[in-house]
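Each value in this text was obtained by applying a stated rule to the coordinates, not by laboratory testing. Model, not experiment: these values are computed from the prediction. For neighbour counting, all protein chains shown are included, and Cβ atoms are generated from backbone atoms with ideal geometry for every residue, glycine included.
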Amino acid sequence: MRKYLVGGNWKCNGNLAFAKNFPAEVLNNLKFNPSKVDVVVAPAALHIPAVQSATQNNVNVATQNLSLTGDGAYTGEHSIGMIKDMGIKWTLTGHSERRTLYGETDEDVAKKTKIAVDAGFTVLACIGELKEEREGGITKQVNERQLNAIKAECGEGDWENIVIAYEPVWAIGTGLTATPEIAQETHAEIREWLGKNVSKKAQDSVRILYGGSVSDANAADLIKKEDIDGFLVGGASLKPAFHTIVEACDEAQK
């Protein structure tokens, strides 16, 4: 059985007090077996040191993004070297908000994924379709286009450190959620793509997370599906109910 993973993407939320208090009040009290479930949270970059200092209990800290460039005259960027120097080994790439709001292309996402993997990171590479793409029946093609870009940059061995986070854009922050059956169908398509385009080993071992308005109310039903290996959680990762999502994954591994 693949090791489950629960990621919390805090996006541009919280203040310094939250960054110090939420770990103490919620994260450090999570109940899960770290040999069967990975837990990682991605605070805003300014808050990472505070979260690192306050977090215990085998909870990892990630960045939400990284620079395409290295150290140098790149105002406003955070190079992979700087991130690694902070003791961080996890990052997101390609979240839909980076793509739709800040113009990141499939190729940008792929290059960032490769930079991070080469630096020894585990990458949560995000893919997913827009509402009109889902309604137009091209979800599979959109996901495969985004995955093909990553494949063009990353070799077969790199996929050992890549986690795919499937996030239907129409279900992020909207309250809409794919049914467990719809989510499973898309996850199965992604797993099939891995087998055809990377390797049988990747098909069996790469973790595929679901990330569309996951909550304490739907996590237990979603995690029962065979190709769903955990979640990338948005708003619910800022609430005490995050513990219910983690515990649902832990319970499913027993």
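Please give the contour-minus-distance gain from residue 217 to residue 239: 0.36 nm per residue of separation, less the Cα-Cα distance, rounded to one decimal in nm. Each step should come with its number before you reach the end.
Details: separation 22, 0.36 × 22 = 7.92 nm, distance 1.31 nm.
The residue 217-residue 239 span can extend by a further 6.6 nm.
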*Positive-end extreme of charge dipole, the chain - chosen from 235, 113, 29 (charges on Cβ)*: 29
*Tabulate in residue order the Karplus-calculated ³J(HN,Hα) for segment 22-29, using 6.51 cos²θ - 1.76 cosθ + 1.60 with θ = phi - 60°, rounded to whole Hz; enter x for Gly and Pro.*
4, x, 5, 8, 10, 4, 6, 10
*Apply the Karplus parameterisation 6.51 cos²θ - 1.76 cosθ + 1.60, with θ equal to phi minus 60°, to every residue of segment 201-212 and state each ³J(HN,Hα) to the nearest whole Hz, in sequence, with x for glycine and proline.*
4, 5, 4, 7, 10, 5, 7, 10, 9, 9, x, x
_Candidate aspartates and glutamates - alpha carbon under 15 Å from residue 31, same-chain residues fewer than 8 apart omitted_ = 216, 247, 250, 251
*Globularity index of segment 154-254, i.e. its alpha-carbon radius of gyration over 2.2 N^0.38 Å*: 1.08
*Expressed in nm to one decimal, what extension gain is obtained for the pair residue 35 and residue 107 from 0.36 nm per residue of sequence separation less their Cα-Cα distance?*
22.5 nm
*For residue 13, enumerate residues with amide H under 5 Å from its amide H, sequence gap 5+ or separate chain, H modeled in the peptide plane.*
44
*For a paramagnetic label modelled at 7 Å from the Cα of residue 17 toward its Cβ, which residues of segment 234-251 fall within the zone defined by backbone nitrogen distances under 17 Å?*
239-240
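What net charge is computed for the residues neighbouring residue 111, neighbours being all others with C-beta under 12 Å from the C-beta of residue 111, Lys and Arg scored +1, Asp and Glu -1?
Values: positive: 112, 114; negative: 104, 106, 107, 108, 118, 153.
The answer is -4.
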*Excluding residues on the same chain fewer than 8 positions from residue 131, give the aspartates and glutamates whose Cα lies under 17 Å from its Cα.*
97, 144, 167, 185
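Can you put 243, 47, 187 in order of Cβ neighbours within 10 angstrom, beginning with the fewest? Please report the intermediate quantities before stating the final value.
Values: 243 16, 47 19, 187 22.
So the ranking, lowest neighbour count to highest, is 243, 47, 187.
Which of 11/225; 151/225; 3/89; 151/254; 114/200 have a Cα-Cα distance over 24 Å? List each step's numbers first, then the result.
Working: 11/225 27 Å; 151/225 26 Å; 3/89 17 Å; 151/254 33 Å; 114/200 21 Å.
The pairs that break the limit, which is 24 Å between Cα atoms, are 11/225; 151/225; 151/254.
For every helix of n ≥ 4 consecutive DSSP H residues, a contribution of -39,500 (n - 2.57) applies; sum these over the chain, divide by its total residues, and give [θ] at 222 nm rounded to the nearest 500 deg cm²/dmol.
On the way: 11 runs with 102 residues, N = 254.
Helix-only estimate at 222 nm: -11500 deg cm²/dmol.
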_segment 4-252 - percent relative contact order, Cα under 8 Å, separation 6 or more_ = 21 percent
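Which ordering of 174, 244 is given by a fewest-first count of other beta-carbon atoms within 10 Å? Mind showing how you got there, number by number?
Numbers: 174 12, 244 15.
Result, fewest neighbours first: 174, 244.
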